[in-house]
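Colleague: There's a structure below that I have some questions on.
The values are calculated or read from the model by the stated rules, or taken from the named source; none is laboratory data. Quick caveat: nothing in here was measured; it's all calculated off a predicted structure. Every residue, glycine as well, gets a Cβ built from its backbone with ideal geometry; the counts of neighbours run over all protein chains shown. Areas reflect the complete protein model, heavy atoms only, side chains present, ligands, DNA and RNA absent. Shrake-Rupley method; radii C 1.70, N 1.55, O 1.52, S 1.80 Å.
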2 protein chains.
Amino acid sequence: MVFQAKVELEKAANVLKLLGDKTRLTIVAILQKRECCVCEFLEVFDTSQPSISQHLRKLKDAGLVKEERRGQWIYYSLNQQCEFYGLVETIMSHVPEQIDKIKIIEQSNPTVRCGC
Amino acid sequence: MVFQAKVELEKAANVLKLLGDKTRLTIVAILQKRECCVCEFLEVFDTSQPSISQHLRKLKDAGLVKEERRGQWIYYSLNQQCEFYGLVETIMSHVPEQIDKIKIIEQSNPTVRCGC
DNA sequence: CTACTATATAAGTAAATAGTTATATGTTAA
DNA sequence: TTAACATATAACTATTTACTTATATAGTAG
């Protein structure tokens, strides 16, 4: 097998616990394909805005995700500089792409008004 | 990238949640190197016997681990036939080997009396 | 059969988690 | 400056989780 950079076991467990939630795992799967803001996630999850914000907060606190404000919106994306990015990537290679959800986001296009 | 068999997202989340516990992740790391019975795990975890049995139960219920009784002892090992085995393997490739704990188990050798 | 060992299960508890509603903050646009 | 929108945060609640102790089950050895 190819050499594999290791991550401390306890840290790895924390990352796995974070990804061990259906909503967060889906968020990460979507972020692999495109950055998103909260209102876009709202289109594809059957939950409230605070709930999504709280999930994103956890992912951000762990360093897995970063945010960037653009006007009214805050865009979330995967943090490729994160020490766990390699682990996350290999995990996600076992998870189906969230094509349907991404299509819904792109069609609903809630941020169309900002023109970006 | 090499073709990667996918696992339903919700099932993957369940597996990740299971591995997202420090004790269970360590158990799986140890089981990658050798089968173990509960009393062996007891040597390396700072917790009670029921606690370990309960973790093993969860791993077994998910199909990740199988058990085999040999006399008084029940030996646990990774279930390579499990549909999630590939996922587990790749995850574990990012986790350090539990050499120290395995050494402790082999030196204490609580099942020495059975001669196996 | 009895004592002993290994393990499982049951029942209870404290802490963590994911959701809720209400409200605060920050940005834009009229 | 006010209204509207996007998001975060606070406070609360219900559920889940991981542990504990006590007890049951199963095998072995005398």
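Colleague: Carbon-plus-sulfur fraction of the accessible area of chain B, 1.4 Å probe, in percent?
Modeller: 46
Colleague: Another question, if that's okay. To the nearest 10 degrees, how steep is helix B:22-31 against the longest Cα principal axis of chain B, on a 0 to 90 scale?
Modeller: That helix lies at roughly 80 degrees to the long axis.
Colleague: Can I ask one more? Let me have the relative contact order for region A:25-116, percent, based on Cα pairs under 8 Å that are six or more residues apart.
Modeller: Here the relative contact order equals 37 percent.
Colleague: Any idea of the accessible area per residue across region A:1-109, 1.4 Å probe, to the nearest Å²?
Modeller: Result: 53 Å² of accessible area for each residue.
Colleague: What size of dipole, in debye to the nearest 20, comes out for region B:9-109 about its Cα centre when the only charges are +1 on Lys and Arg C-beta atoms and -1 on Asp and Glu C-beta atoms?
Modeller: On the way: 14 positive and 14 negative charges, 33 e Å.
Magnitude of the dipole: close to 160 debye.
Colleague: Here's a follow-up. For region A:1-79, calculate the relative contact order in percent as a whole number, restricting contacts to Cα pairs under 8 Å that are 6 or more residues apart.
Modeller: Averaging sequence separation for qualifying contacts and normalising by length gives 30 percent for region A:1-79.
Colleague: Taking a probe of 1.4 angstrom, what is the accessible area of A:THR90 in Å², to the nearest 10?
Modeller: 40
Colleague: Between chains B and A, what is the buried accessible area in Å², counting both sides, with a 1.4 Å probe and ligands, DNA and RNA left out, to the nearest 100?
Modeller: Values: alone 7510 and 7500 Å², together 12580 Å².
Chain pair B/A: roughly 2400 Å² of buried accessible area.
Colleague: Using alpha carbons only, how many angstrom separate the centre of region B:62-107 from the centre of region A:15-44?
Modeller: Between the Cα centre of region B:62-107 and that of region A:15-44, the gap is 30 Å.
Colleague: Here's a follow-up. Could you tally the net charge around B:MET92, taking each other residue with its Cβ under 13 Å from the Cβ of B:MET92, Lys/Arg +1 and Asp/Glu -1?
Modeller: Taking every Cβ under 13 Å from that of B:MET92, the sum is +1.
Colleague: Averaged over its residues, how many other protein chain Cβ atoms are within 10 Å of peptide B:23-29's Cβ atoms? Display every interim value, and only then the final one.
Modeller: Values: counts 1, 2, 7, 3, 0, 0, 2.
Mean shielding by partner chains, rounded to a whole number: 2.
Colleague: I would also like to ask the following. Taking trypsin sites (Lys or Arg not before Pro) that fall in a DSSP loop and have at most 16 other Cβ atoms within 10 Å as cut points, what is the longest piece of chain A between them?
Modeller: A:35-116
Colleague: How far apart, in nanometres, would the label points at B:GLN80 and B:SER108 be if each is projected 7 angstrom from Cα along the Cα-to-Cβ direction?
Modeller: Simple spin-label model gives 2.8 nm for this pair.
Colleague: Along the Cα→Cβ direction, 7 angstrom out, place labels at B:GLN4 and A:GLU89. What is the inter-label distance in nm?
Modeller: 1.0
Colleague: Need the full-extension length gain, B:GLU35 to B:ASP61, defined as separation in residues times 0.36 nm minus the C-alpha distance. One decimal, nm.
Modeller: So the chain would gain 7.6 nm between B:GLU35 and B:ASP61.
Colleague: Now for a different question. For A:LYS103, list the lysines whose Cα falls under 24 Å from its own Cα; do not include residues on the same chain fewer than 8 positions away.
Modeller: A:LYS22, A:LYS33, A:LYS66, B:LYS6, B:LYS11
Colleague: Further question on the same structure: Cα extents of region A:9-114 along the three principal axes, largest first, in whole Å?
Modeller: 44, 27, 23
Colleague: List every residue whose amide H lies under 5 Å from the amide H of B:TYR75, counting only residues 5 or more places away in sequence or on a different chain, with H placed 1.01 Å from N in the peptide plane.
Modeller: Close amide H contacts, sequence-distant or interchain: B:GLU68, B:ARG69, B:ARG70.
Colleague: Which angle from 0 to 90°, rounded to the nearest 10, does the C-alpha axis of helix A:99-108 make with the longest principal axis of chain A?
Modeller: With rounding to tens, the tilt is 30 degrees.
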